[in-house]
Amino acid sequence: MTTAPWATRRTFAIISHPDAGKTTLTEKLLLQGGAIHLAGEVKARGAARRARSDWMKIEQQRGISVTSSVMTFEKDGIVFNLLDTPGHEDFSEDTYRTLTAVDSAIMVIDAAKGIEPQTLKLFEVCRLRSVPIITFVNKVDREGRPCFEILDEVADKLALDVCPMSWPVGMGGTFEGILDFATGGVSRPEGDSREFLGTIDANPTLPAEVAEEVELAQAGYPEFDLEAYRHGDLTPVYFGSALKNFGVSELIDAIAKFAPPPRPQPSEAGEISPDNGEVTGFIFKVQANMDPQHRDRIAFMRLCSGTFKRGMKLTPSGLGKPVAIHSPILFFAQDREIADTAEPGDIIGIPNHGTLRVGDTLSEKNGVRFTGLPNFAPEILRRVVLRDPTKTKQLRKALDDLSEEGVIQVFYPEIGSNWVVGVVGQLQLDVLISRLEAEYKVDAFLEPAPYDTARWLIGSDTALKAFAQFNGGNMAKDRDRNPVFMARSSWDVGYQQEKNPDLTFSATKER
Ligand code: GDP
């Protein structure tokens, strides 16, 4: 039996709270996958690398940093596409949207801290689409919380079944390696650095208290169940230390073995299987040029079906005119040279001048439109105030553009003249103001809006009209003219939902 090329793809992201060890783990995954040769290269941008591919040239000429947006490596016939979820210090919709382009995720938890706020937020986005999660409890080379406590916290806070797949032999000062439940072997620390260098003790003698824990752990949690994992109901949990290289190869193996290959994608005309011969994909991220003199952008497309070939003509939904894609960036193992083909699950970077928008579907025949690339309820809302009132038209254009690019969301209140922008992270506001100035020559500032959050309203015309009659001051339209309720607080949302059971107050809007 031959395997379709797409079936070898594993497209995934790492979700974590800052400092849990995402960067360190990324480096180690790439090292083991042979994609980089020295740890530390993930953070060393540009200068440290030689410009030998077209991809690098694009990066240099246009000042677009695509470095580490997509990291591809190959091991034992499996192609791993690791998508970076940006927004370390801050949160942006980019981060959320990247998660719509993956088939699974690794959740990294600091063994001393457990589930932290950003881990939880990102997890919730994964849950929206039932993205299966493999958990990595990191930093067990240091003193951490008891393993049972961490496992129970994951189970309770995320409402997931947990299934430990390995167990640390001690932590911190007593750390003596990781027991792999599947093989019964213990990977041992070595040398002054106490790293894992490949030595596995096949017949380990475990300290009595560890042996007892292991027995309890194996009896006390559900067995690994592939179906439950793939439905997003169960998470296998690996313990390890990214810094000292423990648990990393087990993670790679787990992704290869358990993580799903490209899944069928929901579209308006039903699910599109990766087996479907027609080339289809959707844009989940647009990266603008950092040099304001250029309008070039890179649109990141996740391929959903068909085999993409360089030079192919694809039609973006909504535009109607086919675009020939002559210089796609394909992110391939080692050098990430421009390659000639890509398979479902792969990511293609498409240079363009703003024609491609986040959420667009591209297809050969223009019959397909993917759904499920959501907007998320903004957590920070601000009024945009113009310093020069003659620039209203430019501002409207800028806000429409930037919201289509996914930098911000924009809301046009039914009453009053100040437009409101919404974001999920402060960083997006900084980007907004600097781009308004640099690219649109619009001098504006932001002031607090009297709202705390927004909800998309779904219901019959009659129900919407009745609601708007009493809540006109809180009604707005988004850029697609969908009705939005601007709420003073989340309590307000709950209150209105209770009073208006025939309306849905949605925190996400599927495009
Ligand atoms: P990120 O913010 O999630 O990308 O986290 P980093 O990978 O930058 O790691 C944050 C800090 O934790 C750095 O100082 C790392 O060296 C350290 N770190 C990461 N993994 C481990 C680990 O397994 N053990 C220990 N002791 N430190 C770690």
Item to complete: Output the residues belonging to region 162-183 that are more than 16 Å from the ligand (Cβ to nearest atom) and not in a strand (DSSP E or B).
Response: MET165, PHE181, ALA182, THR183
Fill in: For TYR238: the one exception among (1) touching a Ser or Thr at 6+ places or on another chain (Cβ under 7 Å); (2) part of a strand (DSSP E or B); (3) more than 16 Å from the ligand (Cβ to nearest atom)
(3)
Worksheet entry | Odd one out for GLU343, checked against (1) within 16 Å of VAL79 (Cα to Cα); (2) at pLDDT below 90; (3) among the charged types (D, E, K, R) | (2)
Fill in: region 1-29 - residue that is away from the ligand (no atom under 13 Å from the Cβ) and assigned to a helix (DSSP H, G or I) and, of those, modelled with the lowest pLDDT
PRO5
Worksheet, complete the sentence: Picking from ALA159, ALA112, the residue that is within 16 Å of the ligand (Cβ to nearest atom) and surrounded by fewer than 20 Cβ atoms within 10 Å (Cβ to Cβ) would be ALA112
Worksheet item: Out of all the residues in region 479-511, which are modelled with pLDDT of 90 or more, surrounded by 15 or more Cβ atoms within 10 Å (Cβ to Cβ) and among the charged types (D, E, K, R)?
Response: ASP492
Worksheet item: Quick one: what pairs do we get from region 413-434, first residue closer than 17 Å to ASP400 by Cα, second modelled with pLDDT under 80, C-beta under 7 Å, 6+ apart or different chains?
Response: GLN428/SER92; GLN428/VAL407; VAL431/VAL407; LEU432/VAL407
Response to the item:
Restricting region 366-407 to residues that are free of Cβ contacts under 8 Å to residues at least 60 places away in the same chain and of a type in the set (Asp, Glu), the one farthest from ALA476 (Cα to Cα) turns out to be ASP388
Practice prompt. Would you mind telling me which numbered condition in (1) within 30 Å of PRO262 (Cα to Cα); (2) surrounded by 13 or more Cβ atoms within 10 Å (Cβ to Cβ) HIS231 fails?
Written response: (2)
Worksheet item: Within region 442-459, is there a residue that is part of a helix (DSSP H, G or I) and either within 25 Å of LEU128 (Cβ to Cβ) or in contact with a helix residue (DSSP H, G or I) (Cβ under 8 Å, 6 or more places away or on another chain) (or both)?
Response: no
Item to complete: Would you please name the residue that is surrounded by the most Cβ atoms within 10 Å (Cβ to Cβ), looking only at residues in region 125-144 that are among the hydrophobic types (A, V, I, L, M, F, W, C) and in a loop (DSSP other than H, G, I, E, B)?
Response: VAL140
Worksheet item: Among the residues of region 49-69, is any at pLDDT 55 or above and either among the small types (Gly, Ala, Ser) or touching a Phe, Trp or Tyr at 6+ places or on another chain (Cβ under 9 Å) (or both)?
Response: yes
Item to complete: Give LYS244, LYS257 a once-over and let me know the one that is more than 16 Å from the ligand (Cβ to nearest atom), among the basic types (Lys, Arg) and either in contact with a Ser or Thr (Cβ under 8 Å, 6 or more places away or on another chain) or closer than 18 Å to GLN32 by Cβ (or both).
Response: LYS257
Fill in: Residue within region 148-160 that is under 19 Å from LEU243 (Cβ atoms), assigned to a loop (DSSP other than H, G, I, E, B) and out of contact with any Pro (no Cβ under 6 Å at 6 or more places or on another chain) present
no
Worksheet entry | Selection from region 30-42 of residues that are within 20 Å of ALA105 (Cβ to Cβ) and either within 16 Å of the ligand (Cβ to nearest atom) or modelled with pLDDT of 90 or more (or both) | LEU30, GLN32, VAL42
Discussion item. Would you confirm whether or not region 97-105 contains a residue that is among the polar types (S, T, N, Q), within 15 Å of the ligand (Cβ to nearest atom) and either in a loop (DSSP other than H, G, I, E, B) or modelled with pLDDT of 90 or more (or both)?
Written reply: no
Practice prompt. Pairs only if they're at least six apart or on different chains, beta carbon under 8 angstrom, first in region 198-224 and within 21 Å of LEU160 (Cα to Cα), second assigned to a helix (DSSP H, G or I) and small (Gly, Ala, Ser); list them, first residue then second.
Written response: PRO222/ALA228
Practice prompt. Select from region 241-276 the residues that are assigned to a strand (DSSP E or B) and hydroxyl-bearing (Ser, Thr, Tyr) and list them in ascending order.
Written response: SER241, SER267
Fill in: One residue from LEU436, LEU362 being of a type in the set (A, V, I, L, M), in a strand (DSSP E or B) and crowded, with 18+ Cβ neighbours inside 10 Å
LEU362
Fill in: Cβ pairs under 8 Å, 6+ apart, first in region 138-157 and free of Cβ contacts under 8 Å to residues at least 24 places away in the same chain, second within 14 Å of the ligand (Cβ to nearest atom)
none
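The values are calculated or read from the model by the stated rules, or taken from the named source; none is laboratory data. Quantities reported herein were computed from a predicted structural model and do not represent experimental measurements. In this analysis, Cβ positions are derived from the backbone assuming ideal geometry, glycine residues included, and neighbour counts consider all displayed protein chains.
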